[in-house]
Amino acid sequence: MNHGATSTLEITTPEGVVFALPLAGPVTRFLAFLVDWGCVMVLANLISLVVGLFGIVSRDLAMALTIAAYFIVSIGYGIVTEWYWRGQTIGKRVLNLRVMDARGMRLQFNQVVIRNLLRFVDGLPAWYFVGGVACLVNRQAQRLGDIAANTIVVRQPKLQAPDLNQLMADKYNSFNDHPHLAARLRQGSTPQEAGVALSALLRRNDMDPQARVELFETIAGHFKSKVAFPPEVTEGLSDERYVRNVVDVLFRSPTAQSGGHGPPYKSTRQ
Amino acid sequence: MIIDLEQFITEEKPHWQALEKVLDRLANDPQQILPVAEVRRLHYLYQRASADLARIRTFCAEENIRRYLESLVARGFAEIHETRAKPRRLRPLHWFFGSLPRAFRRHFKAFALACLLFGIGGVFGGAAIWLDPEAKPVLMPFAHLKGDPSERVAMEENAGKDRLEEQKSTFSSHLMTHNTKVSLFVMALGMTWGLGTALLLFTNGIMLGAVAMDYILAGETTFLLGWLMPHGVIEIPAILVAGQAGLMIGGALLGGRNAEPLRFRFRDIAADLITLIGAVAIMLVWAGIIEAFLSQYHAPVLPYSLKIGFGVVELTLLIVFLTYGGRGQTVATLTNWRLALWPKAGRPRKAG
């Protein structure tokens, strides 16, 4: 198990496969805490409203139940939600965070209880100051409760199942009319270069228009320097379209491009 | 070499989805036990996803697929390589009569140390009041204890009406929650290598010692025992058990002669910590009820002998429970030895 350079925890399985868990920082975790704190307040008020009905029978009993209910909700909220939602509270769900075992194993009930009960010391002197400092200092961004429970908090961005069709479906690629140049492009490109081009295409809608133009100009220029396609092929082709064609060449085998696996191409020349 | 991403996804996606489905099922019902065939299938799918991740990391820098596979492999890894027992369904009676006293005895040294720290505090507090009565305003925890004990006893015994009328449940609830918070704090401060826990036990001891000595010096020992014993014989041990838990945390942090890594030291005490904190909560709920409904009533409403006797019974039961509770296994072993030494003793007698 290694600690990655950019707040990630890398775990190597006995099969020799490495996977990385992106660790959540103190600021995100504090925001999740604020959401949870709001939830506890709302829940406690709702319960006190319901319990207040006992006041018809006895005011003393209603008050006693309100005190007990607030205490149970404030202590039990984190334990119950993290256990039933496998490491998530409402705040953590909103911010896409999850509590995990520090070794990547299944989260145990004991771990959930310990990390929640030790909030008493992490919360000192106020607003999780001790916990926040511990988070900043610790290599795995653990607060004291996490250290005792052997847990970490990771970021879990929403993951979509991979689907290349959204990227390259129904588009004619003029580069494939020159199979020898396409083969040279495949041979001369590294997986990292191909990955950069693909990532740029997948994230193009999230970019600022100016940055998008500049980025695709740089990437297209890089691939143009590797293999020069004839001018009649590249003429009128935007940089983004050029990169799209490059990615298509790099990530589809020649069999697929000739109709083996790929979708039917339109005859529109681009 | 760059892999044909489309072909790769087309071929592998059904297996990823199948793995995801099994993992979702296991996550939704952690208690379920998969048949052997399904376990083999899960293992196969996990290994296939691991191999796919290795290929993606080596031959393609595509971020989304790598993240997706990493998340899948991480989930599979937790299921396949987990060697700790799955949590059993809650068995409250088994936990209370078995696990709890056994956990207490397993860490008796920590409890003894908590008692020692509390006791030293008590002696210190008592000695301070005895030697310097002027220190009373500093040492007494509550305002109503700063006055003259004899005056308070006279006032309590001559009280015409119930002070806690229509407030007993609220008072009880307040005591339970307050004391539980204090106990959790005592336990949590174990993360200061046990120093915070030790300090809190010592200061609580000082306060109790000071109060006790103040009443003893005023000749109000009977009142003191009648007032404190019904709830104190449970409440004080509860605080000491919380201290025991805190010192266990401190001990795990320090390590001492235990050369295991920190995470193993914490893992070893985790279950017992939770059990002890559960015990503290139960004890404090009981103490809160007794304090509100019994301890606050004095002679002539409730004779002191009755209150002290009740406290003695509670304390005896608590000691017996913590000393002998959960020894079912020991009883079974003793029975087996008896049968081994005197085989006839266990046989049914012949008729006639």
**Item:** B:L217 within 14 Å of chain A (Cβ to nearest Cβ) and surrounded by fewer than 18 Cβ atoms within 10 Å (Cβ to Cβ)
**Value:** no
**Complete:** Just one listed residue, out of B:A270, B:A292, is crowded, with 19+ Cβ neighbours inside 10 Å, free of Cβ contacts under 8 Å to residues at least 60 places away in the same chain and touching a helix residue (DSSP H, G or I) at 6+ places or on another chain (Cβ under 9 Å), and it is B:A270
**Message:** Just to verify a result, which residue in the stretch A:75-125, among those that are among the polar types (S, T, N, Q) and assigned to a loop (DSSP other than H, G, I, E, B), is nearest to B:R84 (Cα to Cα)?
**Reply:** A:Q108
**Prompt:** For the stretch A:217-240, how many residues are more than 23 Å from A:Q187 (Cβ to Cβ) and at pLDDT 90 or above?
**Reply:** 1
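Per-residue answers, yes or no, for (1) crowded, with 24+ Cβ neighbours inside 10 Å; (2) outside any helix (DSSP H, G or I); (3) of a type outside the set (S, T, N, Q); (4) touching a helix residue (DSSP H, G or I) at 6+ places or on another chain (Cβ under 7 Å):
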site	(1), (2), (3), (4)
B:T222	no, no, no, yes
B:I239	yes, no, yes, yes
B:Q244	yes, no, no, yes
B:L247	yes, no, yes, yes
**Message:** Exactly one condition in (1) free of Cβ contacts under 8 Å to residues at least 40 places away in the same chain; (2) within 11 Å of chain B (Cβ to nearest Cβ) is false for A:D101; which is it?
**Reply:** (1)
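Results for (1) away from every other protein chain (no Cβ under 14 Å); (2) touching a Leu at 6+ places or on another chain (Cβ under 9 Å); (3) closer than 29 Å to B:H174 by Cβ, shown as yes or no for each residue.
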{"residue": "A:L31", "(1), (2), (3)": "yes, yes, no"}
{"residue": "A:G38", "(1), (2), (3)": "yes, no, yes"}
{"residue": "A:M41", "(1), (2), (3)": "yes, no, yes"}
{"residue": "A:L49", "(1), (2), (3)": "yes, no, yes"}
{"residue": "A:Q88", "(1), (2), (3)": "no, yes, no"}
{"residue": "A:N96", "(1), (2), (3)": "no, no, no"}
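Residue-by-condition table, conditions (1) at pLDDT 95 or above; (2) of a type in the set (A, V, I, L, M, F, W, C); (3) under 17 Å from the mean Cα position of the chain (by Cα); (4) within 27 Å of B:D52 (Cα to Cα):
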| position | (1), (2), (3), (4) |
| --- | --- |
| A:G4 | no, no, yes, yes |
| A:L9 | no, yes, yes, yes |
| A:L23 | no, yes, yes, yes |
| A:G38 | yes, no, no, no |
| A:S48 | no, no, no, no |
| A:V57 | no, yes, no, no |
| A:A68 | no, yes, no, no |
| A:G78 | yes, no, no, no |
| A:W85 | no, yes, no, no |
**Asked** Looking at the stretch B:159-181, which of its residues are within 7 Å of chain A (Cβ to nearest Cβ) and surrounded by fewer than 16 Cβ atoms within 10 Å (Cβ to Cβ)?
**Response** B:E166
**Request:** Could you tell me which of the residues A:A20, A:A44, A:A24 is aliphatic (A, V, I, L, M) and closer than 14 Å to A:K92 by Cβ?
**Result:** A:A24
**Message:** So in the stretch A:168-209, with the set limited to residues that are charged (D, E, K, R) and within 34 Å of the chain's Cα centre (by Cα), which one is nearest to the other protein chains (Cβ to nearest Cβ)?
**Reply:** A:R186
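Collect the residues in the stretch A:134-146 that are buried (at least 24 other Cβ atoms within 10 Å of the Cβ) and within 11 Å of chain B (Cβ to nearest Cβ), keeping them in residue-number order.
If the condition is that a residue be buried (at least 24 other Cβ atoms within 10 Å of the Cβ) and within 11 Å of chain B (Cβ to nearest Cβ), then A:R143, A:L144, A:G145, A:D146 are the ones that fit.
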**Item:** Identity of the residue in the stretch A:93-133, at pLDDT below 90 and among the basic types (K, R), that ends up surrounded by the most Cβ atoms within 10 Å (Cβ to Cβ)
**Value:** A:R106
**Request:** Could you list all residues from the stretch A:126-144 that are over 24 Å from the mean Cα position of the chain (by Cα) and either under 20 Å from B:G246 (Cβ atoms) or in a loop (DSSP other than H, G, I, E, B) (or both)?
**Result:** A:A126, A:W127, A:Y128, A:V130, A:L144
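The values are calculated or read from the model by the stated rules, or taken from the named source; none is laboratory data. Everything numeric here is computed off the predicted structure, so don't read it as measured data. Here the Cβ is made from the backbone with ideal geometry for all residues, glycine too, and neighbour counts use every protein chain on show.
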